[in-house]
Every structure is written in C-alpha cells, then in structure tokens.
1. Show me the ranking of peptides 289-297, 81-89 by mean Cβ neighbours inside 10 Å, starting with the highest.
2. Taking the square root of 5 times each eigenvalue of the Cα gyration tensor, what semi-axes in Å does the equivalent ellipsoid of the chain have, largest first?
3. What number, rounded to the nearest 500 deg cm²/dmol, is the helix-based mean residue ellipticity at 222 nm of the chain, given -39500 (n - 2.57) per DSSP H run of at least four residues and division by all its residues?
4. About its Cα centre, how strong a charge dipole does the chain have in debye, to the nearest 20, once Lys and Arg get +1 and Asp and Glu get -1 at the Cβ?
5. Using only Cα atoms, find the angle between the long axis of helix 71-96 and the longest principal axis of the chain, and express it within 0 to 90 degrees, rounded to the nearest 10.
6. At what distance in nm do the modelled label points of N239 and S424 sit from each other, each positioned 7 Å from its Cα along Cα→Cβ?
7. Using Cα pairs under 8 angstrom and six or more residues apart, how large is the relative contact order of segment 3-199, in percent?
8. Multiplying the sequence separation of A189 and M98 by 0.36 nm and subtracting their Cα-Cα distance, what value in nm do you get?
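What follows draws every value from the coordinates through simple rules; no lab data is involved. The structure presented is a predicted model; accordingly, all values stated were derived computationally and were not measured. Cβ: placed from backbone, ideal geometry, glycine included. Neighbour counts: every protein chain shown.
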Amino acid sequence: MDTSNSARASFPWRYAVAGVCSALVLFTTAQAISGFFSSASAPMVALGSTIIDFTPAWLKDWAIGLFGTNDKLFLFITLGVVAAALAGIVGLVAKRSMMAGSALVLLLAAVLAASVMTRSSTTLTDLVPTALGTVLGLSALRLLTHLARKSSSAPEAGSASAPDSSRATARRHFLLGTAGTVVLSVIAAGASQALRGASNAVEAARSALGLPAAKVTVPELPKGEDLNTVGVSRFITPNEEFYRIDTALSVPRIDPQEWVLKVHGMVENEFTLTFDELLSKDLVEHYLTLTCVSNPVGGDLVGNAKWLGYPLRELLKQAVPLPGADMVLSTSQDGFSASTPLEVLTDNREALLAIGMNDEPLPLEHGFPVRMVVPGLYGYVSATKWVVDLEVTRFQDKTAYWTTRGWSERGPIKMSSRIETPRSFANLPAGKVVFGGTAWAQTTGIARVELRIDDGPWQEAELSSTVSADTWRQWRYEWNGATSGSHSATVRATDANGELQADEVAPPAPDGSSGWHRLQFSIQ
Ligand SMILES: Nc1nc2c(c(=O)[nH]1)N[C@H]1C(S)=C(S)[C@@H](COP(=O)(O)O)O[C@H]1N2
Ligand SMILES: [Mo]
C-alpha cells in the first residue's frame, strides 16, 4: 500500500502547528526580553502601536464607538488571530522549503523591527528583544518542521519495512517538541509578568508621593452639586471609573525623578523643569470636565475631576513667547502630540500642567507623573498625558498627532447634554418617571436644560448647583402621570450666554459630535 498518498491528501496540520508554536516562542520570548529594555521594544506592542498610528480617523472612531475603552483589547485579539494565521502559513511554506520558510520569518521579523524603530524614544538596542526572539522562533521552526517531516515520512506501523513503533515514535517526538515550545512560551510569559512586577518601581514611586498642598484651593463644593439621581453619573467621576482614551498600548512608566519638561521653540527663555521644581511651585486646584472628541451624542467619553497643577499661563510667562507664535505643541513621552492655541493657554482660564487628580497623584493611565488639562478643548488638542515637551510654535509650522490623521487642528468642545436615566428602550411602570443626566459647556457654563416628551412642549429641568463654568451640571425632570405606550424623550441645553445647544446632527469626526440626545422608552 502507498501510505504517502493518504498523507498527501490530508491537510498537513503538523506543519501549521509547527508554525504557530514557533511564533508563540518568538513573541513570548521577545516580550520577556523586552522587560530589560524600553516598553516599546516588545514587538507585539510596537506593531500594535504602529497600527494604531496608521489607523484612519473613521476606523478609530468605529472601534471606539463599538468597543469603547476596550478598543485595545479588540486590536490585540485581531492581531493575535492574524499572527496565528500568518504563522500557520509560514509552517506550510517551511514544509515545502525550509529556506523559504526561514526567509518568510525574517521578512516578518523585519516588519516587527521596523515598527519598533518607528516608536518614539526607541534606540537600536531596543531591537535586541526582536532579534533574540526571532533566533529562538526560527530554531523552534526548524526543529518542529524536522520532527513533523519525520513523523509523516516514517513508514506506517505494520508495514514490512519498519518496526511497528517507528511511526508512533516519530509522532511522539513531534508531540514532545510541540509541548516543549508551549512550555517555553508559558515560562517566558511568566517571566514577562515577573519582570513587569519588578519594574513596578514607578507604581511604588507614585504611591509614595505625597501631593503638596495647593496654594489656591477650590472652595468647598456648594450644596446640591450632586442631585443623587439613581442612574446618573456622580458629580465627581472616581479615578477608577474615569474614561481612558490614548494611543498607548503599554502605559508609559515614567519615574518622576527622571521626568523633565522641556519648554522651547519661539520663546525668549528656553528652560527645563524637573518634577521637584514643579512641586515647589504655587499649585492650584480646579474642577474641570474632560471630554473626548470621539464622544458620540449621548456617549460616555466624558468625566469630571478635581485637578491639581501649575497654570500653564504662568509657565509660558516664564518662557516669554515671541511675537508670531500662535500654538503650543505638547508632546508625550510615547510620541503623541497635541496642538493648543497659545491664546487659550495664556488667557485667564485655568489650563493646568497637572500632577493630581481627585486628591491623588495622577494614575499611571491618566498621565503620571504630569499631564495637561485645558478647560474648553477636547482632549486630543489639549490634554497630553505623560507630557515631556512644550514647543511654542505656529499652526502653519507644526501639525499634531490627530490632525495628521484627518481630525480638525482646533477642537473647542461643543455644548452637549445627555439623558442617562432611563436607559434607551427601558420598559417602565406607569406613574412617575424620573429623567436625569448631565450637560456641559466648558468655559461658559450651563444655564438651562429642557426635556421634551414625544413632540410635547419643552419642560425646564431642575439643575444641580454650579461649581464652575468648566464643569458639567446634572439635570433632573420628573414626569408624573406617564401614559402607557411607547415614547421618546429629547434633551437640550442652553449655556450661560443664552445660546441654545445645536440640534444640527454631526458625527464625532472631524471636530466633535452635535445634535440633541433623544431616546425611546415605553410605559407599561
Ligand atoms: N500621551 C497621550 N495623551 C493623550 C492622548 C493620547 O493618546 N496620548 N489622548 C488624548 C485624548 S484623545 C483624550 S480624550 C484625553 C483622555 O484623557 P483620559 O484618558 O485621562 O480620560 O487624553 C488626551 N491625551
Ligand atoms: Mo479624545
């Protein structure tokens, strides 16, 4: 009997498995080795970051809209699936020719290396993890392909030309080889975790950091800043619940003792600022509602916190901008940048170089040790986390991260209001229905919120007290005698200048969503 016939006819899955296991070795060992280098030296992280950088605005928006803060998990899963498929193909190629298989691995490794090198703040030595991982991955591929070949070419048990066990033995060897690479990968993954733990020095530095007292503290919150409506965001968003949006796949870990801010460009006095120098300045506190440009109408990419920091106005006074400058380009340690109009940072609004969030040092994900927060501007043009560089320049000379990807170069926040309770499509008992939500118009303040049931008249909602023009206000409206059937509710706000919220519907790209939030619900 010709046994090779049946082997040829069936899918050569052993080779595909060999490819996938080799890729597992490559990525996990590179990841572990990257523990000794910068975080962007891990090839999977670098590749993911590079993909994020090339993500067009509409796709970013789609991913955030669909997955919210889980957009990165989605990216990693997609990457994992694509990488596994590619690795399987590499294994199949290696079946035909080990040379071609190896060449393919080297080609993919070159892509990984290129993405490591395009990260800001990486140097040539950051290629070491990718290089070593590639060597180990290639060795695994050679070994497993060899074992796979033996296990499929060994004569079938019972054939006249070989002892009974020959094929079984070869299969066992392949299985052992595969198991070996999986064990190696698990050990490497464990080592990565351990190394991460060791590099938690920054987390420890954060915990040890006592925030200095503010020179200008916010007054105690007025009564009624929170209407305590069930289902509505608290006035202060707890740090753990604060939305997080950034392009960083691994959160930058910056030792505050090593942090330096460079202030330069079109200024009379260029200077650098250390963390200790920043701590010794006259810090101020300010309540401010941060908003993401990607927030859709009714969305939750918005949060309110008490920030502690040094006014950027004062910092720029020290630098003395030259005539003609109209923008400050702030850059983070991981390469993100934002373009903020110079006038916004020098007028009397409380734009801060912030170190504290709700009476704690900034959480690592929210920019530790230092970030910017600017009243009235979307985060992508103002709220640079892990900020290390401020360049005074001109809009015509420099372009920020998201602007090169199709978003507007300026991003004033559009007045907005939303219904948070009841939820969309809620089915409610007859009688009293409590409506509640939030509204914001940073730098101007909210003066009125109105709700309309179906196509009825606009009804004025009760408002929480004003804390600052830069924070949201909660609103509440009780509908007594709700009639059964299906209904809609629409909300709209008016700011302190008497301007009505725009009802013109706009998507988030390129400069923020607009339109009145409306939802459907029914009464039993
Ligand atoms: N370094 C860095 N800073 C950044 C970003 C980023 O991607 N990288 N994203 C900005 C955007 S789009 C927003 S909306 C805010 C969000 O801040 P948060 O994550 O603390 O809520 O951070 C801004 N600062
Ligand atoms: Mo954003």
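1. Working: 289-297: 23.3, 81-89: 15.6.
The peptides rank, most packed first, as 289-297, 81-89.
2. Rounded to whole Å, the semi-axes are 53, 32, 19.
3. Details: 12 runs with 183 residues, N = 524.
Helix-only estimate at 222 nm: -11500 deg cm²/dmol.
4. Details: 42 positive and 49 negative charges, 514 e Å.
With Lys and Arg at +1 and Asp and Glu at -1, about 2480 debye.
5. Orientation of helix 71-96: about 20 degrees from the principal axis.
6. It works out to 3.3 nm between the two label points.
7. Working: 242 pairs, mean separation 72.8, N = 197.
Once divided by the residue count of segment 3-199, the mean separation gives 37 percent.
8. Working: separation 91, 0.36 × 91 = 32.76 nm, distance 2.75 nm.
Full extension from A189 to M98 adds 30.0 nm.
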